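Remarks on the structure that follows.
A short reminder: the numbers here are calculations on the coordinates, not readings from a lab. Computed from a prediction, not measured in an experiment: that's the story for all the values here. Cβ: placed from backbone, ideal geometry, glycine included. Neighbour counts: every protein chain shown.
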Amino acid sequence: MEKTVRSICGFCHTSCGMKVHVHDGKIKRIDGDLDHPVNRGHLCVKAQGIKSLVESEERLKFPLKKTKGGWVRLSWDEALDLAAEKLIEIREKHGPESLVRSSGAPVSYEARDGFLQFMGVYGSPNLTGVSNLCHVPRSVAFMDAFGARPEPDYENAQFIIFWGVNPVNTTRFCSYASYDGYHQIIPRAKERGAKIVVVDPIRSETVSFSDLWIHPKIGTDSALGLSMAHTIIYEDLYDEEFVGQWMIGFEETKRHVEHATPEWAERITSVPTEQIRELARLYATAQGALILDGNGLDMHTNGVDTVRVICMLIALTGNIDKPGGNVFFPFAPQRLLPTVKTGKRRIGWEEFPLFPNCPFPAVKESLLRETSDRPRAMIVHHSNPVLVQANQERTKRALQNLEFLMVLDIFPTATTEIADLVLPSSSDFERVDYRAYSSSRGAYLAFRDKVVEPVGESRSVFEIEYELAKRMGLEKDYPFRNTEEWINFVLEPSHVTLNDLRNHHIIYVTPPVVYKKYQKEGFPTPTGKVECYSERFKNHPCGPLPSFHYPKESHMTHPELSKDYDLMGTSRKPSEFVHTKFRNLPPLCKLYPNPLMMIHPKEAFSRGINQGDSVEVKSPRGRIQVEARITENIPPGLVVIDFGWGNPTDRGASLNILVSDEVWDPISGGYPNRLFLCNIKGLS
Ligand code: SF4
């Protein structure tokens, strides 16, 4: 039987609309959906992997329990009974806080909400995952300053700064917004005459589309930003009216950046003084200027302060919630699931009071130090902490200290390998879901229809979660039993049901954007104003205003390591894959078979390394083997190593064998995956 299913790609946050042609339950062809606003028919290279993901022989198909003799297949009843028994026993012995939920990037909303209700009714506030490494550290800075996370208003911008982000490669142009075809954002902006600037130490794919490329030394972006703030203030380029009415602590900010002259910043960043001034002047005087911050800023030990500096620039120029600036687009109202109020019962509360959940280092260190409040059980879903978090061997050791590790996934991963119980979850193409997008034309919801039946005995996460809760006598607190009921529950505030979505596919639920809402409502901060000077940060070692600090593992902070580790290492994610996923899918790994290390010709040839050679990269934590790619896109002194390999299905080298877990960002617990010391030698 032939059918065409209108759905949403589940591979990345962009969430493109697609039409999938299915014959007798098998995917035959996938086309982009011309009517979906986010992609207007366009699909990226990753979509070539969808069919093989669904049909892969490597999929987890039934529950597995680890025994001394190896993995043993269980029925769902046996698996859920085992999980319920363990979780009840652990709660009785150690209290509800001894359970941790670790989740990954909320590419699907099942990833966002899975096991949240469960944690709420179980009584544990301990939610962890990848939030220390991606997006949330930047959100903390924006939420603190503005009370909400703005999105770039490309359609009206005359000046665009892509800062620590490479959207041409990643397809990520925002947090959750939609711009009528993301692949047209840059061509349309250029057609309008908008200027594009990229701030990135590496000549990324996005640099080819830019008018100006600023390349500071890696990890020094906050010095660049502070000197831009200095120029804007001391050359009287700031928006006096906005600053006077809406910015808290302008005088303190002015004093704070007095020393941060472009000359000071040039010594730190290597960006020429005149270029810093030019950038500050262009940004401050353009009619509608925006900054898109990216994941390149997160994975540093000074990441949150860098984004606080970016917030300062946005506030000083008044480029907030005005056409062409960073704007609060309408968002679809959705119900939040009832998590436990965090308070002092949360692991790591004392060290990370400004972070919204438990940063992974807090969980990991409590496990390794065997503190009395350490977790005893962990539920992992849509997540692969062994591969994602720094220092893989220590992460493994920490998780092996748990009494019970339950992992839900679609493939075997580096984390399922050390689990006690592995449960097969269905993929995004085997269940219904929805996606909320914000846009200047209003917030809208889109329907993700089921394309094919779940593979093997795999089940949706909500179904697994509810069945587990039922066995533990917790079901009375559940407003949903499966994915369909969860959708109806969370979408109630939008007055949209699953059936409405099924019938219409795309539904706008708010009016178009209104600019400068703050003039009527104020900002959603405690003072109603922009809090670049933050009372909350005042009691934290970071201080009320952001500063520049050298990265914690660098040649500046550890000169004694320079002799043995003369290079700086950073990481990247190839556009063929997302996070740690898909490196086992033949159409994609044919395009990009192995992890690479990119290096400047000067560094390569001085070490006798040629194009394609096998090289060993060594850091104070360990060593890996990768393939050399020699390119002038990387500055001398830096090597760029691909992130994301290391699952049992791909057999590539894992970057996180190299990255330090001894240092992190003091606010977010972000590990320095973007900067660590290393050396290399050729093996070929
Ligand atoms: S992986 Fe590609 S096709 Fe799929 S949502 Fe992301 S950008 Fe769209």
Problem - Farthest toward positive dipole pole in the chain [+1 Lys/Arg, -1 Asp/Glu at C-beta], among TYR283, GLY249, HIS382 - result: HIS382
Fill in the blank from the handout: Ordered by fewest other Cβ atoms within 10 Å, a rough proxy for footprinting exposure, ILE276, ILE214 read ILE214, ILE276
Completion exercise
Restricted to pairs 8 or more residues apart or on different chains, the lysines in the range 559-682 with C-alpha atoms under 27 Å apart form a number of pairs equal to 14
Practice task
Using a 10 Å cut-off on Cβ atoms, rank the peptides 98-106, 301-309 from the highest mean neighbour count down.
Solution key: 301-309, 98-106
Handout entry: Long-range Cα-Cα pairs in the range 2-55 (distance over 14 Å), rounded percent
Key = 47
Exercise for the section: Please say if the range 434-477 is rounded, prolate or oblate, where rounded means a/c under 1.5 for a ≥ b ≥ c the square roots of the C-alpha gyration tensor eigenvalues, and otherwise the choice is prolate for a/b larger than b/c and oblate otherwise? Expected result: oblate
Fill in the blank from the handout: Packing-ranked peptide list from 319-331, 246-258, highest mean Cβ count within 10 angstrom first, is 319-331, 246-258
Exercise for the section: Pop the C-beta distance of PHE605 and SER270 into the FRET formula with R0 = 25 Å and round what comes out to the nearest 0.05. Expected result: 0.65
Handout entry: Sequence of ARG335, ARG29 once ranked by neighbouring C-beta atoms within 10 Å, starting from the fewest
Key = ARG29, ARG335
Fill in the blank from the handout: Sparse-neighbourhood loop hits (GluC sites (Glu not before Pro), the range 1-77; DSSP loop; Cβ within 10 Å at most 16 others) -> GLU57, GLU58
Exercise for the section: Compute the relative contact order of the chain as a whole-number percentage, counting only Cα pairs closer than 8 Å that sit 6 or more residues apart in sequence. Expected result: 19
Problem - Counting DSSP beta bridges with both ends in the range 559-682, the antiparallel % (nearest 5) - result: 65
Exercise for the section: Among DSSP beta bridges whose residues both lie in the chain, state the antiparallel percentage, nearest 5. Expected result: 50
Problem - Per principal axis, descending, Cα span of the range 559-682 in whole Å - result: 44, 40, 23
Exercise for the section: Hey, could you get me the Stokes-Einstein D for the range 444-530, Kirkwood radius over alpha-carbon pairs, 10 °C and 1.306 mPa s, rounded to whole µm² s⁻¹? Expected result: 97
Fill in the blank from the handout: Taking only the Cα positions of the chain, the convex hull volume per residue in Å³ is 153
Handout entry: Residues with amide H under 5 Å from that of MET18, placed H, sequence gap 5 or more
Key = SER7, ILE8, CYS9, ASP33
Practice task
List, in order, the whole-Hz ³J(HN,Hα) value for each residue of the range 6-17 obtained from phi through the Karplus relation with A = 6.51, B = -1.76, C = 1.60 and θ = phi - 60°; use x for Gly and Pro.
Solution key: 8, 8, 10, 5, x, 7, 8, 4, 4, 6, 5, x
Fill in the blank from the handout: Ratio for the range 256-396, C-alpha Rg to 2.2 N^0.38 Å, reads 1.43
Practice task
Translational diffusion coefficient, Stokes-Einstein: compute it for the range 228-283 using the Kirkwood radius over C-alpha pairs as Rh, at 4 °C and 1.567 mPa s, and state it as an integer in µm² s⁻¹.
Solution key: 110
Handout entry: Calculated FRET efficiency for the pair ALA148/HIS259, C-beta based, R₀ 30 Å, to 0.05
Key = 0.45
